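Heads up, the thing below is written out as structure tokens.
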Amino acid sequence: MTEKMPIYRQLKENIKAKIFNGDYRVGGKIMSERQMAQEYGINRLTVRKAIDELIQEGYLSAAQGKGTFVSAMPKIRKKVEFGGHEAVSLSRFLRQSGFRSSRDVLSFKQKPSNAEFRKMFPDSPKHYELIRLSKIDGEPYALQICTFPASTFHDPERFDFGEGSLYTYMDAQGHLPVTIISEMEAMIIPEEYQDILNIPRGKLVFSYKYKGYDSKKKLVEFTKAYYKPEYTAFKYITEK
């Protein structure tokens, strides 16, 4: 839990997150005040305040002698809305959507291209793989696996992809993606990424794949990304 808000509010958000993630289901019973106090190492009066507020807000209900139960699924007031065609960095997109965002580089390496990437980048026997975790208000939100051809881009090791945008680097190299072709589906996240995004086993996430082409119509980026659905919306406009 974050240290920047009162403890009872931290607990409220934690309980709401458990409802979103399926740890607590509507109609199901949550931990007792005593169990929560022991679990988080906090005072029972603090636990009671958090639960009382959630009861007042309609998310929980108490049954005397039986415990406290989930009454409703909390609503997210803000969501990140995707659907535009322009190349915009995710961190900038999150800020524009009103979130406090941060980003961690989990891995960055040059790799020999397999058959899939040789087909995408035929003039490049090697490619760069950049894996980054984006966070909303300190919590994991999206995982991006970005690949781009080593023959097209130079010295990316000298660029700070934690603080800087991939598209800022690509623009400086003269290969900013100007055309984005994407596809989206709801799927169960690969097991290797479950713990990174703190996703329960079997829960669906948004899987987003996109290819970025520069002004010369050359493919310069292929990215796979996984987004938590509670903060994400996709909007598509079709033309007749």
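The values are calculated or read from the model by the stated rules, or taken from the named source; none is laboratory data. Keep in mind it's a predicted model, so treat the numbers as computed, not measured. Note: ideal-geometry Cβ built from the backbone for every residue, glycine included; neighbour counts use all protein chains shown.
The figures follow:
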| read-out | value |
| --- | --- |
| Checklist (1) in contact with a Leu (Cβ under 9 Å, 6 or more places away or on another chain); (2) in a strand (DSSP E or B); (3) of a type outside the set (Gly, Ala, Ser); (4) more than 18 Å from GLY212 (Cα to Cα) applied to GLN110, failing item | (1) |
| Positions within region 175-185 being outside any strand (DSSP E or B) and either touching a helix residue (DSSP H, G or I) at 6+ places or on another chain (Cβ under 9 Å) or without any contact (Cβ under 8 Å) to a residue 40 or more places away in the chain (or both), in sequence order | LEU176, PRO177 |
| The one condition in (1) closer than 27 Å to PHE148 by Cα; (2) at pLDDT below 70 that PRO125 fails to fulfil | (2) |
| Every pair of residues 6+ apart whose Cβ atoms lie under 8 Å, when the first sits in region 128-154 and is surrounded by fewer than 19 Cβ atoms within 10 Å (Cβ to Cβ) and at pLDDT 95 or above while the second is hydroxyl-bearing (Ser, Thr, Tyr) and part of a loop (DSSP other than H, G, I, E, B) | ALA150/SER124; SER151/SER124 |
| Checklist (1) within 24 Å of ASP123 (Cβ to Cβ); (2) in contact with an Asp or Glu (Cβ under 9 Å, 6 or more places away or on another chain) applied to ILE181, failing item | (2) |
